[in-house]
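Below is one structure; the comments refer to it alone.
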Amino acid sequence: MAKSQDRFAILEQRLIDLGKTSPGLNEKVDLSINGATIQEFIRAIGVNNNLNVNVDPSIDVKIANNFSKVSAQEVFLFLCKNYNLDITFVGPIMSFVKYVPPAAPIKAVVSKKINVSYEPTAALLSFDLQNDTLSSAAKEITKQSGKNIIFSPDLTGKIVNGYVQNMPMNSALEKLAFANDMKVSVTPDNFYIFEKKVPIVDPKATANANGVNTSNFGLTNPNTKGATNIVVKDGLISVDAQNIAISELVNNASKELGKEYFLFNELKGNTSLKINEATYDDFLRLLFNGTDFTFKKEGEIYLFGDRNLEGLRQSKLITLKNRTIDKVLEFIPAELKKGVDIKTFSDLNGLIVSGSQPRINELEAFLRQIDLVVPLVHIEVIIADVRKSNTVTTGISAGLGTKPADITQGGLLPQVDLSLNATAINNLLSGISGLGIVNLGSVTPNFYLTLKALEEQGALKIRSTPQIATLNGHEAKLKVGSTVYYLEVQNNVLNSGNTNPTVTQSQQYKSLDADLSITINPQVSGDEQITMSIGVTQSSFTERISQTAPPGKLNRDFQSLVRVKNGEMIMLGGLEENSNSNSGRGLPWISRVPVLKWIFGNRTKSKTENKLTIFIKPTIIYS
């Protein structure tokens, strides 16, 4: 007890020391949990308090606790005391493991001399055994005589006593077995085998004066064909049979246990069987396993016969709790379906099976193994679509005409878009000529000049946060998009033999879709890692070539296979669209000269960026 207290005192001090550098150990914990594993509980504290923890997966403990306003350090110490745990420290990392008490010091064992001697000429054995172990005695006899001696596992550590002086090997070992309630036999390759003595219930067995069956001490070969040994004790049966007829074993065992039975047909064939202390039903199951025979109990009478006989077939409804019955038939191995008629019963989410009882039991055991809770994966998707654009338009237009030259108009802010008529231009030229430097003359009355300078910038962010859920291994799909319509005109010419054909026109609005679709197929592993197969497809419209023409369409898609921990978020990007446009018009040759091209022409330069980023966060939900 003192050592245990010392261990927890040392553990508490280590936690206090670590708390100086890891403040999360001193933060309060408010958690209530019922039926969760200790790994999940400790990990939840580690996440909430920002602690580095690791739990040995071999700790199979489910807990139900409620902690309020206690520190993480106190909770960890409580778990160690109540669930026999220990904590190893590697820097700020705490590893929770099962506590293994230190091994007790091994005391030096003084080997005792075994008094055994063997005279090889006459093959005479002598021994004086007093509270010696069978293993040490057998080892010394083998060492002295060169005869190999082994014993069954249930005799390990058995203490033996006996004294024999100059007796033949077989007789000496037989007396040793008799004196210590064992039996000994010799194999064809001259190995001596010691086994635990089992009383034989056989009216034909001969007994000595003390009522002990001498057949337990005969040095006979246990592998002899036709050998059988049936023992009944407290209603349990032990059988050691070699190449015995199945019908004989059934008859003898039923007779010893007082069981009544009825044979539908003859039980043909031989078998070898060795079982210890089994019930009558278990004995029959083992005996008929792998054969064409089976049994069925009606009241107190056992029915034996071929598995396919009408009286021995059974029918049963096997219902499932955690899986749907729809696809279960696909997963049942073909060997388990042999000899069993299976029908689905959707109303009760089960299977109706008909066949022999052993095959039904085997099929039901398999169905119970796969009838497990399928995790539900909740998937949160964040879609961020960022679009940026920049357009610069500059230029000077000049010409003759009346429409733009009627008046002087336009603006200087936020963009320069100014039209000057002939009067305004002549006033400007007169002002420059008045300086006396140069005489620029004047323009005609219908001359006009247009100045343009404009820069446009735009930024658009689109964000949506859809959430979907799907079962483990099943595909989840998400789709968002838009639809546009365009007009389709069709002309039909009807000619009924007249010289003037009739022309009819039909109009129809047709739709075109552009969308973003995401397909996710999650697979949950045992350590709560989630492997996701992700497919993303994005389509968008481009400009129409005419007002009634359908818009163009741009498609982008990618496929990805990622693995992420439960509750963690990943980012997928790279669906990016960039476009640059640089166009202009002006006087031939002059419009190509730097600087002059901005005076004697119009130019438009635009740049567009479109970037799509997707965030995905899967969370496992156990129902």
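The values are calculated or read from the model by the stated rules, or taken from the named source; none is laboratory data. Everything numeric in this text was worked out from a predicted model, so none of it was measured. Note that we place each Cβ from the backbone using ideal geometry, even for glycine, and neighbour counts take in every protein chain shown. Heavy atoms of the whole protein, side chains included, go into the accessibility calculation; ligands, DNA and RNA do not. Shrake-Rupley method; radii C 1.70, N 1.55, O 1.52, S 1.80 Å.
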(message) Looking for something within 30 Å of Gln39 (Cβ to Cβ) and part of a strand (DSSP E or B) - is there at least one such residue anywhere in region 538-557?
(response) no
(request) Residues being in a strand (DSSP E or B) and basic (Lys, Arg): count how many of those fall in region 331-353. (result) 1
(request) Go through region 8-62 and give me each residue that's among the basic types (Lys, Arg) and out of contact with any strand residue (DSSP E or B) (no Cβ under 8 Å at 6 or more places or on another chain). (result) Lys20
(message) Filter region 153-178 down to the residues that are open to solvent by less than 70 Å² (accessible area, probe 1.4 Å), hydrophobic (A, V, I, L, M, F, W, C) and under 22 Å from Lys112 (Cβ atoms) and list them by number.
(response) Leu155, Val160, Val164, Ala172, Leu173, Leu176, Ala177
(message) Show me the strands (runs of 3 or more DSSP E) entirely contained within region 233-330 in which 2 or more residues are touching a strand residue (DSSP E or B) at 6+ places or on another chain (Cβ under 9 Å) and among the aromatic types (Phe, Trp, Tyr).
(response) 260-263, 293-298, 301-306
(request) Of all residues in region 7-52, count the ones that are open to solvent by 90 Å² or more (accessible area, probe 1.4 Å) and of a type in the set (D, E, K, R). (result) 5
(request) Filter region 503-515 down to the residues that are of a type outside the set (Ser, Thr, Tyr) and at pLDDT 80 or above, then identify the one that is least open to solvent (accessible area, probe 1.4 Å). (result) Ala514
(request) For Leu267, work out the one condition from (1) open to solvent by 80 Å² or more (accessible area, probe 1.4 Å); (2) closer than 20 Å to Asp306 by Cβ; (3) of a type outside the set (Ser, Thr, Tyr) it doesn't fulfil. (result) (1)
(request) Go through region 33-92 and give me each residue that's charged (D, E, K, R), in a strand (DSSP E or B) and under 24 Å from the mean Cα position of the chain (by Cα). (result) Lys62
(message) I'd like to know if region 95-105 contains one or more residues that are at positive phi, modelled with pLDDT under 85, open to solvent by less than 90 Å² (accessible area, probe 1.4 Å) and touching a helix residue (DSSP H, G or I) at 6+ places or on another chain (Cβ under 9 Å).
(response) no
(request) Please work out which one of (1) free of Cβ contacts under 8 Å to residues at least 40 places away in the same chain; (2) loosely packed, with under 15 Cβ neighbours inside 10 Å; (3) farther than 30 Å from Asn472 by Cβ is the condition Ala549 fails and give its number. (result) (1)
(request) With the condition kept exactly as written, say whether any residue in region 68-83 is touching a Pro at 6+ places or on another chain (Cβ under 8 Å) and either free of Cβ contacts under 8 Å to residues at least 40 places away in the same chain or open to solvent by 50 Å² or more (accessible area, probe 1.4 Å) (or both). (result) no
(request) With respect to Ile150, determine if the residue is surrounded by fewer than 17 Cβ atoms within 10 Å (Cβ to Cβ), in contact (Cβ under 8 Å) with a residue 24 or more places away in the chain and under 15 Å from Leu176 (Cα atoms). (result) yes
(request) Could you list, in sequence order, all residues of region 142-172 that are out of contact with any helix residue (DSSP H, G or I) (no Cβ under 8 Å at 6 or more places or on another chain) and either assigned to a loop (DSSP other than H, G, I, E, B) or not hydroxyl-bearing (Ser, Thr, Tyr) (or both)? (result) Lys143, Gln144, Gly146, Ser152, Pro153, Asp154, Gln165, Asn166, Pro168, Asn170, Ala172
(request) Could you run through region 362-387 and say how many residues are aliphatic (A, V, I, L, M), open to solvent by less than 40 Å² (accessible area, probe 1.4 Å) and in contact (Cβ under 8 Å) with a residue 60 or more places away in the chain? (result) 7
(message) So, in region 346-361, how many residues would count as being free of Cβ contacts under 8 Å to residues at least 40 places away in the same chain and either open to solvent by 70 Å² or more (accessible area, probe 1.4 Å) or of a type in the set (D, E, K, R) (or both)?
(response) 4
(request) Would you check which residues across region 270-315 are touching a Ser or Thr at 6+ places or on another chain (Cβ under 8 Å) and open to solvent by 60 Å² or more (accessible area, probe 1.4 Å) and list them? (result) Asn276, Glu277, Asn308, Arg313, Ser315
